[in-house]
1. Quick one: which strands (runs of 3 or more DSSP E) lie wholly within segment B:69-146 and hold at least 3 residues that are modelled with pLDDT of 95 or more and among the polar types (S, T, N, Q)?
2. When you go through A:E442, A:E404 one by one, which is the residue that is over 30 Å from A:N178 (Cα atoms), at pLDDT below 95 and more than 34 Å from the chain's Cα centre (by Cα)?
3. Among B:V169, B:V150, which is at pLDDT 95 or above, on the phi < 0 side of the Ramachandran plot and touching a Pro at 6+ places or on another chain (Cβ under 8 Å)?
4. Exactly one of these conditions fails for B:A359: (1) at pLDDT below 95; (2) small (G, A, S); (3) farther than 21 Å from B:A168 by Cα. Give me its number.
5. Look at segment A:311-343 and say how many of its residues are closer than 16 Å to A:A240 by Cα, in a loop (DSSP other than H, G, I, E, B) and either out of contact with any Pro (no Cβ under 6 Å at 6 or more places or on another chain) or outside the structural domain of A:G267 (by TED's automatic domain parsing) (or both).
6. Residue check: is A:L412 modelled with pLDDT under 95 and either within 34 Å of the chain's Cα centre (by Cα) or of a type in the set (A, V, I, L, M) (or both)?
7. In segment B:317-327, which residues are within 17 Å of A:N305 (Cβ to Cβ) and either outside the structural domain of B:H272 (by TED's automatic domain parsing) or touching a Ser or Thr at 6+ places or on another chain (Cβ under 9 Å) (or both)?
8. How do the strands (runs of 3 or more DSSP E) wholly within segment A:386-458 filter down when requiring 3 or more residues that are touching a helix residue (DSSP H, G or I) at 6+ places or on another chain (Cβ under 8 Å) and in the same structural domain as A:R184 (by TED's automatic domain parsing): which remain?
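The values are calculated or read from the model by the stated rules, or taken from the named source; none is laboratory data. This structure is a prediction, so every number in the text was calculated from the model and none was measured. Positions of Cβ are generated from backbone atoms using ideal geometry, with glycine treated the same way; all protein chains shown enter the neighbour counts.
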Amino acid sequence: MVRATFFCVHNGDSFSQYSCSAEFTLQEKQSYTEGRLSTLIFRQREVHSIGGCSMNTKIKTVNLIALVSACLLMVSCGQDEPAMPELSFEEDLQQQLIQAQAGDVINIPAGTHEITRSLSLNVSGVTIRGAGMDSSILSFKNQIQGAEGLLVSANDFVIEDLAIEDTVGDAIKINDSNNVTVRRVRTEWTGGALTSNGAYGIYPVQCNNVLIDGAVAIGASDAGIYVGQSSQIIVRNSRAEYNVAGIEIENSTYADVHDNIATNNTGGILVFDLPNLPVQGGRNTRVFDNQIFENNTPNFAPEGNIVGTVPAGTGLMVLANDNIEVFGNDFIDNDSVNILIVSYLITEIPLNDPNYDPFPESIFIHNNQFRGGGEVPDSEPLAALQAATGQPIPDVVWDGLLTEDNQAADILCLTQNGDASFVNLDAGNGFAAPSFDAGQHECALPRLSVISLSSNNQ
Amino acid sequence: MKEIILRSLLVSALSLFLFACSDSDPVFHDAERPLRLSDWNLYALSTDELVPSEASLVFKPANQLFTDYAHKMRSLWMPDGAQAQLVDGEIDYPIGTVISKTFYYPRNAQGQFEKSVDSGLERVDLTQNQLIETRLLVRKESGWDAFPYVWNDEQSEAFLRIAGTSKAVELVSDAGDLDFVYFVPNENQCSGCHTTSHPDGDMQPLGAIASELNSKFSTTADNLEFQTERLLSRGWLDVIPNRMETKSWLDESNSMEERAQAYLNIHCGHCHNPNGAADTSGLILNGAHSININMGVCKPPVAAGGGAGNLLYSIVPGEPDQSILLYRMQSVEPDEMMPELGRSLIHTEGIELISRWIAEMPGTC
């Protein structure tokens with residue numbers, strides 16, 4: 001596409017001595033190639049925009065009279081034509097994101113591109129595509145504006161094959177969007193696990209149909225991959241490392257989290273339901289075939305955040321969520337506890353939400369492998385338990401809190417987990433009489449169905 | 001032949017000359033997106049003055065958003081014969097309406113930008129002030145559209161910058177110099193605030209709305225009628241809204257509660273409302289609630305990250321220093337500060353107000 005800018009110079013006193021010149025620019029480049037235009041001969045084929053002469057309509061054939069008149073007009077008004085500003089890489093990219101139309105692919109070329117302000121996309125049906133998560137890098141190391149690296153509010157959105165590094169806040173936030181695909185994207189804070197890192201790496205919230213596939217999330221001070229208040233979700237083939245929470249599904253329904261690697265986080269995978277949010281009642285999540293090992297990084301979340309309560313060394317933590325199926329996972333050497341099932345009440349945060357159910361229910365844990373773990377618990381009740389027994393913390397820990405209407409088996413069923421050990425912490429009685437007997441939990445629950453996303457997530 | 005063409009060019013040039021250089025009415029562009037502000041003909045611009053077209057109405061909302069102490073001149077214009085309707089108590093503007101807001105800083109004798117109170121000028125003296133940007137909200141057939149124009153240093157033209165821009169600013173104030181980066185929003189950021197119902201709502205004006213215009217504004221002080229009445233008398237509005245004068249947070253005769261609510265509404269309510277982009281947080285600050293957990297009282301943060309400032313609740317009654325709300329107002333870190341957009345500096349006067357309000361609030365967490 002060619003853009004042209006025309007301007008005229010007053011060469012002398014008589015009218016015929018104005019000369020007009022044209023500047024052409026290819027839209028892909030922001031560099032101008034200047035060319036002189038003689039008064040009457042004009043060879044340009046197609047002109048999309050004539051900025052300099054105040055004409056903005058797309059015209060196929062150049063209307064010379066209007067054109068030159070407009071040029072003369074500026075001279076007549078006695079003003080030199082003010083120069084159009086040039087755009088930086090990031091301004092050009094943001095401009096592409098604003099002007100995009102459904103079906104467009106916005107390419108991020110290989111290289112490290114410094115971005116100082118949040119980027120945003122509000123147009124549905126757009127793909128942002130790099131040349132690979134290690135070659136196309138948007139670096140926000142010197143970001144001075146915006147709470148995110150990229151903020152998206154658009155349906156049928158795809159982002160793939162690029163990296164977003166060192167944003168001051170969240171790396172990619174996708175708000176209120178349907179059919180979201182994040183594929184082979186890396187979000188990383190390159191300075192390691194620091195409290196000053198942004199909260200979330202990949203952060204869809206209030207979305208339907210979310211696919212996160214082959215992503216890498218490193219260094220988030222809250223959650224590397226965080227899907228909140230959403231429904232119909234798949235997180236797979238991804239790696240989460242050195243985050244407070246590796247992968248977190250929060251206040252969401254119908255999620256499959258599988259074939260991921262969660263390691264070196266404070267907590268590997270979290271499935272939470274929290275009060276006082278517009279979307280709550282989190283349920284129906286399957287966590288399967290994941291490698292969840294050595295999630296022993298000290299908790300570096302800023303204080304006051306709910307993930308700040310996650311003990312360092314947690315493999316999987318389920319908080320107040322219902323209908324969770326956990327199977328085929330390898331839990332290895334998570335130093336506090338491999339699996340932790342708790343009520344919101346355990347946080348001791350005052351609860352003021354009549355519509356909220358603080359208890360987990362129907363948690364089905366089967367056919368998992370456990371090795372090591374529980375040897376250095378980072379939690380007062382767990383440390384006390386270890387001190388009393390002289391043994392590592394059991395593989396599966398339940399706080400033991402439930403309503404009067406429920407039995408132990410309504411909360412948690414355990415089957416075919418090898419020689420996995422179990423404890424009920426008896427938190428309701430001040431941890432007075434922990435029970436290691438899994439007998440009440442030997443039961444099975446109906447398998448949950450496979451999540452299938454809309455065909456737009458392809 | 002050549003002579004004939006040149007003559008015809010001269011004629012058309014002269015006609016355009018008359019059109020653009022006289023003080024004629026603003027022009028509504030529906031399909032086009034003019035790259036230059038002058039194409040809208042909203043102002044008469046000379047080397048020493050920017051004057052809104054006489055066909056426009058200069059207005060000022062009861063509550064103004066803080067933008068790094070920039071001064072603002074706002075104008076409203078409707079095409080001939082067009083009239084806004086009052087629909088469910090709100091002004092529904094006709095197609096062709098153009099609302100403009102020009103941001104500028106006063107300059108002192110040394111040419112430095114100076115922090116001062118915005119008295120609400122109806123024209124800008126360019127020898128005393130520096131124009132920064134002019135934002136347009138234009139009511140098109142398809143709904144409102146936003147256009148951010150940025151002035152050149154010579155103040156001779158403002159160019160459309162849909163991706164926004166930034167500008168280093170040094171502002172001289174009694175409390176010392178304020179060095180900061182002034183941000184012109186990109187078009188998405190315009191809609192980030194002006195789309196109050198997220199994500200499917202349309203952009204809406206935030207200042208030229210019924211509640212904010214139900215207030216008095218005049219630079220001459222002798223014509224203190226409600227601005228909605230001025231719209232009516234111009235024939236630009238069919239009926240005036242039936243409501244009380246809108247409280248301003250600046251008016252110290254209002255109660256602390258009224259002032260705080262007015263301040264939070266204009267600065268936070270466009271996102272923190274039950275349908276807004278920030279409803280994910282569960283914190284509602286558009287005045288829809290009395291003091292309770294939805295307004296932040298004893299409400300734990302959800303996804304605030306470092307923005308929580310190691311504090312436990314949005315608002316702790318009696319303890320402004322323990323309140324995340326105030327912490328985020330006092331921050332200039334991009335991932336912590338609130339509002340997220342529209343400021344690089346902290347708003348000392350707003351912080352004083354909210355701090356006093358929380359300090360006087362009864363109760364505990």
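1. On the way: elements: B:71-77, B:85-87, B:90-92, B:98-106, B:129-140.
The qualifying strands (runs of 3 or more DSSP E) are B:129-140.
2. Details: A:E442 fails: at pLDDT below 95.
Criteria check complete, one pass: A:E404.
3. Working: B:V169 fails: touching a Pro at 6+ places or on another chain (Cβ under 8 Å).
Only one candidate qualifies: B:V150.
4. (1)
5. Let us first name the residues in segment A:311-343 that are closer than 16 Å to A:A240 by Cα, namely A:312-317, A:329-332, A:334.
Okay, now just the ones that are also in a loop (DSSP other than H, G, I, E, B), so A:312-313, A:329, A:334.
From what's left, either out of contact with any Pro (no Cβ under 6 Å at 6 or more places or on another chain) or outside the structural domain of A:G267 (by TED's automatic domain parsing) (or both): A:313, A:329, A:334.
The qualifying residues number 3.
6. Numbers: modelled with pLDDT under 95: no; either within 34 Å of the chain's Cα centre (by Cα) or of a type in the set (A, V, I, L, M) (or both): yes.
The answer is no for A:L412.
7. Step one: filter segment B:317-327 for residues within 17 Å of A:N305 (Cβ to Cβ), giving B:322-325, B:327.
Result: B:S323, B:I324, B:L325.
8. Details: elements: A:396-398, A:412-415, A:422-424.
Hits in segment A:386-458: A:412-415, A:422-424.
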